[in-house]
Amino acid sequence: MNSHLGTAPVSYLCEADATELVHLREQILADLPESAERPTYSDLFIRIACVALEKYPDLNATIENGEVLLHAGVHISLAVDTDRGLIVPVMRDAHRLPIQQITQKRKQLVKRAITGKCTPDELSGGTFTISNLGMMGIDFFTPIINQPQVAILAVGRIRQVPAVINGVVHMRHMVGLGITCDHRVIDGAPAARFLNEIQKILVNSKSIV
């Protein structure tokens with residue numbers, strides 16, 4: 001409620017081709033030793049968001065004391081469903097982490113959130129939030145901005161569907177994406193360009209490793 005009263009939220013949705021991302025994850029898993037942590041699509045989207053935010057840093061911002069603060073570090077807030085409600089721990093300096101470290105830190109943060117062991121420091125200081133409901137069978141949704149941040153990325157499920165490419169039907173893995181922004185800070189065009197950038201990264205997924 002406070003988020004909607006204190007911001008001007010606007011959501012933008014698109015469907016993106018995640019086929020190359022699926023292939024990338026399959027290759028990563030095939031190359032990993034049995035004892036290694038297994039990256040999830042959430043981990044890959046954290047990495048993708050960090051790459052996109054480096055190009056569009058205006059979305060990596062917070063509003064504090066009435067001023068818009070752009071942040072050099074990308075501190076990703078992760079929406080985690082727990083028995084006590086939604087908990088949003090923060091992965092600090094996620095832009096500096098390779099996928100394997102993102103996987104390790106994400107698992108640690110999620111476990112601490114579920115068990116109620118997150119410290120106040122682990123629950124503050126985020127600059128951009130990702131909410132992934134794909135594992136719950138959700139295709140599209142409009143997430144609520146995590147104040148004082150100005151944007152949140154929604155990730156839906158990846159599903160295989162027929163798609164027409166150059167007049168020919170192919171089976172492709174598609175994913176629903178959404179970005180909710182505070183319109184006082186982020187206009188529609190920058191939000192759309194950010195989503196377009198994520199689409200481009202998905203088509204060239206090998207660039208994130």
Original post:
Restricting attention to segment 17-32, does a residue exist that is among the basic types (Lys, Arg) and in contact with a Gly (Cβ under 8 Å, 6 or more places away or on another chain)?
Top reply: no
**OP:** Looking only at segment 71-88, decide whether some residue is touching a His at 6+ places or on another chain (Cβ under 7 Å), on the phi < 0 side of the Ramachandran plot, surrounded by 21 or more Cβ atoms within 10 Å (Cβ to Cβ) and touching a residue at least 60 places away in the same chain (Cβ under 8 Å).
**Re:** no
Subject >> When residues of segment 92-104 are limited to those that are in a loop (DSSP other than H, G, I, E, B) and either at pLDDT below 95 or out of contact with any Gly (no Cβ under 6 Å at 6 or more places or on another chain) (or both), the one farthest from residue 35 (Cα to Cα) >> reply: 92
Subject >> Residue in segment 103-117 that is nearest to residue 207 (Cα to Cα), counting only those that are touching a residue at least 12 places away in the same chain (Cβ under 8 Å) and out of contact with any strand residue (DSSP E or B) (no Cβ under 7 Å at 6 or more places or on another chain) >> reply: 103
**OP:** Would you check if there is a residue in segment 185-204 being in a strand (DSSP E or B) and out of contact with any Cys (no Cβ under 9 Å at 6 or more places or on another chain)?
**Re:** no
Original post:
So how many residues does segment 11-50 have that are buried (at least 17 other Cβ atoms within 10 Å of the Cβ) and of a type in the set (A, V, I, L, M, F, W, C)?
Top reply: 12
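The values are calculated or read from the model by the stated rules, or taken from the named source; none is laboratory data. Predicted model, so just to flag it, every value in this text is computed and none were measured. When we count neighbours, we look across all protein chains shown, and the Cβ atoms used for this are built from the backbone with ideal geometry, even at glycine.
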